[in-house]
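Novice: I have a structure I would like to understand better, so I am pasting it below and will then ask my questions one at a time.
The values are calculated or read from the model by the stated rules, or taken from the named source; none is laboratory data. This one's a predicted model, so the numbers in the text were calculated from it and none came from an experiment. Note that we place each Cβ from the backbone using ideal geometry, even for glycine, and neighbour counts take in every protein chain shown.
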Amino acid sequence: MARAKKQQRRDATDDTVYALGYGRVSSDEQALGLSLDAQRADRLRYIQRQGWVPYRDFEDVMTGRRDDRPDYMEMLDTARRLSEEDKAVAIVVSDLDRLGRKLSEQIRARDEMRDLGVSTHFVREGGELDDLTADVLGAVAANESRKLSTRVKNVRRHVRTGGWHTPGHAAWGYLWRDATAEERARGAPSKVYDVDPERAPLARAALEAVADGTLTPRGAAVWVGGLTDEQRGGRAMSFFGVKLMLRAPVYVSRHEQPADVPVLERPRCNWPALISDETYAKIQARREARAKVPGREGVGYLLTGFMRCPRCGSRMSGWLQHGKWRRYCCYGRQAGGNAPDAKCNHTVSADPLDQAVMVAVRDLAAVAVDRRIREGLERAWAQLSEGEREDTAGRQRIARGLRAQVAQARARIDKAVTLYLDGKLEEDDYRRAREQETAKIEAAERELAAMGAATDRRRPALPPLDDVLRNAGGWGEVLAGADIEAQRNILADLVERVVPERVGYGKYAARIEWTPLGKALRQLRDAYLGDRATTGAAG
């Protein structure tokens, strides 16, 4: 009924149909020769024959067994938005299995689009399909996907054994090229790894600069992040990405596996090495040496790593401006191509923020050692801990039950399709079972969404009070001292992050986000000491 009314409004205003195209290959399928270009051509020809307006095209290179494909989700969102604007919408896919390999998600998506008045067309299956035909073909596609997965795993194992690189995204400095006849004769796949003449010199320069100490890993990330998108080959190359690059065996022509064998003791593979074994060994030695220096990033700066930029949200680190002014500086540009603001270099004065955070932390430390509230503290801590455990366990129990309902309903739909194909279930019975199980899936998923992301996160439990009191006994001395490393260890237990908030020209206050332990101590402070917390710090 809702679809009919929506269609009547469209007929009265605009008869234009806006077509959304969708194509997909998994990386494995693309390596085996399936083409996005061929799918795109099929969609465009179909749209032109229907006389529709091509609104937008979406494509993913990802397995169809995943429901969180970026372009797939954006395509559904676009269809929802256009439908809300009372536009006629059609989704066009070359094959049914290109829409996805999971039968339950296919059913859910088609049902949702149908309720919105959006038609779904599969070019090679002849256009729009009825539910029964689509479900049967979807079941066949899901079964074929399982077989394909087994075949691909066997192919990958064979390729690795022969010393070739398995299909996937090429590392920075490398590219894929067609294998030569000689390489094919040696057992190579159709595409082989080779050096990228444009980007290999840049990747080699970064690796060698770290090896000889010219750049630190963090400095290399900043340097790489400053390159153009074309020079990075479209990669973000964040600090984390550069750290992975520094230990990647691909640059010395080795496989990632076996993990229990040192990289340089693994056999060489058939693609060219970008750096020598000696250079790789120097890089790993420098990485290991830096890892053994405790608190190296925060030496002299209390809040390095805790501080977040108020402008772009990136981490801020300690910086001595002109050799005399202590400040925290935003290093968001180290995120490479994913930097929220690649040019952000926001700075704030370090000393006032350090002092504000230390006052707040000393306030909490005073609560933990205040003898006047020891009995109340023990009672309150037991209640907080029990409530924390019950709340977390209850949410997890409910979430597990809902996810089990979804899995069970999807399994029943798959079983119903199989029974129908085997002639053991009548069409009307199949349709009725499908509708019932789909309704169960939708209800459970709505409830999971309402519970929010907190349902799936295991919140850290509060530590035993005896452990807190034992540690807190030494907090006062440490916080009053000058050992930055020891103070940062205390902050790690209490403080999640600090965001400076501007309160005047050149003046900032500290907005502190506490850990569960910090939140619990603040709650107890407010309940038992109130405004006396600070004045009672010496008690």
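Novice: Looking only at the stretch 169-195, which residues are under 14 Å from ARG235 (Cα atoms) and of a type outside the set (A, V, I, L, M, F, W, C)? First the steps, then the outcome.
Specialist: Just the residues of the stretch 169-195 that are under 14 Å from ARG235 (Cα atoms), to begin with: 169-175.
The answer is HIS169, GLY173, TYR174.
Novice: Okay, next question. Report yes if ASP260 is farther than 30 Å from ARG315 by Cβ, among the charged types (D, E, K, R) and in contact (Cβ under 8 Å) with a residue 12 or more places away in the chain, otherwise no.
Specialist: Values: farther than 30 Å from ARG315 by Cβ: yes; among the charged types (D, E, K, R): yes; in contact (Cβ under 8 Å) with a residue 12 or more places away in the chain: no.
For ASP260, the condition - farther than 30 Å from ARG315 by Cβ, among the charged types (D, E, K, R) and in contact (Cβ under 8 Å) with a residue 12 or more places away in the chain - is not met.
Novice: Which of the residues that make up the stretch 199-241 are under 23 Å from the mean Cα position of the chain (by Cα) and among the acidic types (Asp, Glu)?
Specialist: Start the filter on the stretch 199-241 by keeping residues that are under 23 Å from the mean Cα position of the chain (by Cα), which leaves 217-218, 221-222, 224-225, 229, 232-241.
The one that is under 23 Å from the mean Cα position of the chain (by Cα) and among the acidic types (Asp, Glu): ASP229.
Novice: Restricting the search to the stretch 51-93, which residues are more than 15 Å from SER26 (Cα to Cα) and either part of a helix (DSSP H, G or I) or of a type in the set (S, T, N, Q) (or both)? So that I can check it myself, show each step before the final result.
Specialist: At the first step, the residues of the stretch 51-93 found to be more than 15 Å from SER26 (Cα to Cα) are 51-57, 73-93.
Hits for the stretch 51-93 are MET73, GLU74, MET75, LEU76, ASP77, THR78, ALA79, ARG80, ARG81, LEU82, SER83, GLU84.
Novice: Still on this model: Going through GLY474, GLY506, GLY536 one at a time, which residue ends up being at pLDDT below 75 and within 22 Å of SER349 (Cα to Cα)? Spell out the reasoning first.
Specialist: Working: GLY474 fails: within 22 Å of SER349 (Cα to Cα); GLY536 fails: within 22 Å of SER349 (Cα to Cα).
Residue meeting the stated conditions: GLY506.
Novice: Next question, about the same structure. Just need a number here: residues in the stretch 238-257 that are assigned to a loop (DSSP other than H, G, I, E, B) and either without any contact (Cβ under 8 Å) to a residue 60 or more places away in the chain or closer than 17 Å to ALA203 by Cβ (or both).
Specialist: Initial filter on the stretch 238-257 (assigned to a loop (DSSP other than H, G, I, E, B)): 238, 247-248, 253-257.
Keeping just the survivors that are either without any contact (Cβ under 8 Å) to a residue 60 or more places away in the chain or closer than 17 Å to ALA203 by Cβ (or both) gives 238, 247-248, 253-254, 256.
Summing the residues that are assigned to a loop (DSSP other than H, G, I, E, B) and either without any contact (Cβ under 8 Å) to a residue 60 or more places away in the chain or closer than 17 Å to ALA203 by Cβ (or both) in the stretch 238-257 gives 6.
Novice: Within the set of pairs 6+ apart or on separate chains, which have a first residue in the stretch 157-173 that is at positive phi, a second that is at pLDDT 85 or above and part of a helix (DSSP H, G or I), and C-beta atoms under 8 Å apart?
Specialist: Every condition considered, the pairs that remain are GLY173/ALA200; GLY173/LEU202; GLY173/ALA203; GLY173/ARG204; GLY173/TYR251.
Novice: Do the conditions hold for PRO201, that is, is it in a loop (DSSP other than H, G, I, E, B), farther than 19 Å from CYS269 by Cβ and at pLDDT 85 or above?
Specialist: On the way: in a loop (DSSP other than H, G, I, E, B): no; farther than 19 Å from CYS269 by Cβ: yes; at pLDDT 85 or above: yes.
Criteria not met by PRO201.
Novice: Could you say which residue among ARG315, ARG286, ARG326, ARG296 is at pLDDT below 80 and either buried (at least 17 other Cβ atoms within 10 Å of the Cβ) or of a type in the set (D, E, K, R) (or both)?
Specialist: Numbers: ARG315 fails: at pLDDT below 80; ARG286 fails: at pLDDT below 80; ARG326 fails: at pLDDT below 80.
Result of the check over ARG315, ARG286, ARG326, ARG296: ARG296.
Novice: Of the residues that sit in the stretch 219-232 and are of a type in the set (Val, Ile, Thr) and not in a loop (DSSP other than H, G, I, E, B), which one is surrounded by the most Cβ atoms within 10 Å (Cβ to Cβ)?
Specialist: Initially, the stretch 219-232 is screened for residues of a type in the set (Val, Ile, Thr), giving 222, 224, 228.
Narrowing the set further to residues that are not in a loop (DSSP other than H, G, I, E, B) leaves 222, 224.
Values: VAL222: 16, VAL224: 27.
Across the stretch 219-232, the extreme among qualifying residues is VAL224.
Novice: Could you tell me which numbered condition ARG235 fails, if it satisfies all but one of (1) crowded, with 18+ Cβ neighbours inside 10 Å; (2) free of Cβ contacts under 8 Å to residues at least 60 places away in the same chain; (3) not in a helix (DSSP H, G or I)?
Specialist: Among (1) crowded, with 18+ Cβ neighbours inside 10 Å; (2) free of Cβ contacts under 8 Å to residues at least 60 places away in the same chain; (3) not in a helix (DSSP H, G or I), the lone unmet condition for ARG235 is (2).
Novice: Here's another thing I want to ask about it. Considering every residue within the stretch 73-84, establish whether at least one is polar (S, T, N, Q) and at pLDDT 80 or above. Reasoning before the result, please.
Specialist: To start, the set of residues in the stretch 73-84 that are polar (S, T, N, Q) comprises 78, 83.
When the remaining residues are screened for being at pLDDT 80 or above, the result is 78, 83.
Yes, the stretch 73-84 has at least one match.
A quick yes/no check of all residues on (1) of a type outside the set (Ser, Thr, Tyr); (2) assigned by TED's automatic domain parsing to the domain that holds ALA248:
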{"position": "TRP164", "(1), (2)": "yes, no"}
{"position": "ALA170", "(1), (2)": "yes, no"}
{"position": "THR180", "(1), (2)": "no, no"}
{"position": "ALA206", "(1), (2)": "yes, yes"}
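Novice: On to the next question. Would you say ARG522 is at pLDDT 75 or above and more than 30 Å from the chain's Cα centre (by Cα)? Before you say what the answer is, go through the steps one by one.
Specialist: Working: at pLDDT 75 or above: yes; more than 30 Å from the chain's Cα centre (by Cα): yes.
Judged against the criteria, ARG522 is a match.
Novice: In the stretch 258-283, what count of residues is obtained for those that are of a type in the set (D, E, K, R), loosely packed, with under 11 Cβ neighbours inside 10 Å and assigned to a loop (DSSP other than H, G, I, E, B)?
Specialist: Qualifying residue count, the stretch 258-283: 1.
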